[in-house]
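Enquirer: Below you will find the structure I want to go over with you.
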Amino acid sequence: MMIFILASGYLFTVYLLLALAKRTGTKTVPTNFPSSGEGKHKQEISVNSH
């Protein structure tokens, strides 16, 4: 009986963590934080075909 209770608690915890991660993953980035690429020079890539 104890194993059933522990397994149920574990599965419930995993379910809650997955639901929380899914909810926070769909939020947009706040506009007051600068993006990681802002203020940096863009990397120039050249492709030479010979």
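The values are calculated or read from the model by the stated rules, or taken from the named source; none is laboratory data. Keep in mind the model is a prediction, meaning the values are calculated, not measured. Here Cβ is always computed from backbone atoms with ideal geometry, including for glycine, and neighbour counts include all displayed protein chains. Surface areas here come from the heavy atoms of the whole protein model, side chains and all, with no ligands, DNA or RNA. Shrake-Rupley method; radii C 1.70, N 1.55, O 1.52, S 1.80 Å.
Enquirer: Return the total of residues in the range 1-33 being at pLDDT below 90 and open to solvent by less than 100 Å² (accessible area, probe 1.4 Å).
Expert: Total satisfying the criteria: 3.
Enquirer: Here are some conditions: (1) at pLDDT below 75; (2) open to solvent by 100 Å² or more (accessible area, probe 1.4 Å); (3) out of contact with any Ser or Thr (no Cβ under 8 Å at 6 or more places or on another chain). Residue 46 meets all but one. Which one does it not meet?
Expert: All conditions pass for residue 46, except number (2).
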